1. Taking region 232-259, which residues are within 14 Å of the ligand (Cβ to nearest atom) and of a type in the set (Asp, Glu)?
2. Would you point out the residue of region 107-132, among those that are assigned to a loop (DSSP other than H, G, I, E, B) and more than 13 Å from the ligand (Cβ to nearest atom), that is nearest to the chain's Cα centre (by Cα)?
3. Would it be correct to say that residue 87 is touching an Asp or Glu at 6+ places or on another chain (Cβ under 7 Å) and farther than 26 Å from residue 261 by Cβ?
4. Could you say whether any residue in region 94-102 is touching a residue at least 12 places away in the same chain (Cβ under 8 Å), of a type in the set (A, V, I, L, M) and buried (at least 22 other Cβ atoms within 10 Å of the Cβ)?
5. Quickly run through region 72-116 and pick out the residues that are among the aliphatic types (A, V, I, L, M) and closer than 16 Å to residue 252 by Cβ.
6. Test residue 148 against the stated conditions and say whether it is closer than 30 Å to residue 52 by Cα and in a strand (DSSP E or B).
Amino acid sequence: MTSSLTRFSAGAGFSAGARVSTGWATRAFIAAALILPLGLQPALSAEPQPAKQLFGGMTLPSRTAPASFGSYAKGCLSGAVALPADGPTWQAMRLSRNRRWGNPHMIMFLERFSRDAAEIGWGSGILLGDISQPRGGPMLTGHASHQIGLDADIWFQPKPARAMSVAERERKPFVSMLDKTKFLTVNPERWTPTHARLLMRAASEPEVDRVFVNPAIKKKLCETWTGDRTAMGKIRPIYGHDEHFHIRIKCPADSPGCKPQAAVAPGDGCDKSLAWWFTQEPWAKPKPNPDAKPVKPRFVMLSDLPQACSGVLAAPSSSEAASTFGGAVPVSAPAPASAFVPAAPDAIMPPATIDDPSVPVPTRRPVAGGVQ
Ligand SMILES: [Zn+2]
């Protein structure tokens with residue numbers, strides 16, 4: 001027993017000194033911890049783990065009734081379903097991130113919206129970015145919101161007619177709609193009236209609560225849209241969001257634990273709240289306040305989330321096939337959930353909250369390559 005454990009520890013890179021000074025149980029535990037991917041390691045002490053580690057380590061949804069708990073930026077998701085990697089009018093991207101999971105209402109909305117997109121001339125449909133993790137919750141990388149399966153990112157590039165390979169979906173570069181040589185200006189070579197139609201179509205759906213885009217894109221819509229502007233106020237300016245837009249749907253009636261956001265202000269939003277983004281203020285470095293007490297950063301813990309989220313985390317898993325929308329087996333063989341590793345921090349936004357992203361309160365700073 002001892003010798004086999006010793007070989008195991010040595011194989012995992014342990015020194016002879018460590019073998020002498022630790023008991024076999026400790027060695028086995030540390031060796032096991034070493035071979036787990038970063039972020040999925042068990043706690044090395046009694047300290048509770050940040051919620052992002054608990055939820056970021058889940059590979060499958062809970063086998064429980066579908067429900068969204070908490071708010072968009074502080075909550076979790078029970079009984080999630082996945083949008084298949086491929087559908088007639090969509091392709092899911094960056095499959096290794098394992099974020100195709102949503103509240104069934106969101107999945108059904110995306111299926112319908114992708115069809116509408118193709119109908120208005122948006123290629124053969126949409127390219128889907130992140131929705132949520134299998135059990136929602138905070139993430140190790142990438143987003144402040146997207147926690148309750150009611151937020152989805154859509155690329156500003158239409159789906160090609162052919163199915164891309166898994167590798168292509170990992171590597172296909174984002175394309176900004178901005179001319180980065182200028183301050184907050186849409187690139188007229190890339191922006192088309194179909195982009196505008198797509199956004200307005202999303203905003204005009206009754207279940208859509210907000211659509212987040214870059215301020216330059218909102219300005220472009222304000223200046224060029226000649227149709228009905230009733231839904232334009234739902235299109236909200238925010239940092240980033242120049243390579244993709246973000247659709248947030250309302251709390252479904254069958255999720256009483258879902259915390260809705262305040263309704264958007266009346267009007268089209270083409271007002272001083274938009275003009276503020278074109279001032280220095282949102283882009284200036286925050287001035288340090290010499291009188292402010294230093295605040296120790298604190299991770300969101302499970303106890304900060306709605307109580308139901310402990311149950312969501314502890315519930316047994318559903319299988320990927322059983323919880324994929326329509327029972328479809330993804331045709332492009334995405335990375336199986338068992339091979340899931342947390343996404344590389346290639347697109348990290350600084351932790352921030354957009355619990356209430358009503359302008360003009362800056363809530364996050366732009367980061368090159370960041371994805372909301
Ligand atoms: Zn997003």
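Rule-based calculations on the coordinates, nothing more; no lab input. Given the structure is predicted, the values throughout are model-derived calculations rather than measurements. A quick note on method: Cβ atoms are made from the backbone with ideal geometry, for glycine too, and the neighbour counts reach across all protein chains shown.
1. Those that are within 14 Å of the ligand (Cβ to nearest atom) and of a type in the set (Asp, Glu): 242, 243.
2. Pass one, region 107-132, residues assigned to a loop (DSSP other than H, G, I, E, B): 120-125, 129-131.
Filter once more, keeping what is more than 13 Å from the ligand (Cβ to nearest atom): 120-125.
On the way: 120: 26, 121: 26, 122: 23, 123: 24, 124: 24, 125: 20 Å.
The qualifying residue nearest to the chain's Cα centre (by Cα) is 125.
3. yes
4. From region 94-102, those touching a residue at least 12 places away in the same chain (Cβ under 8 Å) are 94-102; that's our starting set.
This time we only want the ones that are of a type in the set (A, V, I, L, M), so: 95.
Adding the requirement that they be buried (at least 22 other Cβ atoms within 10 Å of the Cβ) leaves none.
No, the conditions are met nowhere in region 94-102.
5. At the first step, the residues of region 72-116 found to be among the aliphatic types (A, V, I, L, M) are 73, 77, 80-83, 85, 92-93, 95, 106-108, 110.
Result: 77, 80, 81, 106, 107, 108, 110.
6. Criteria not met by residue 148.
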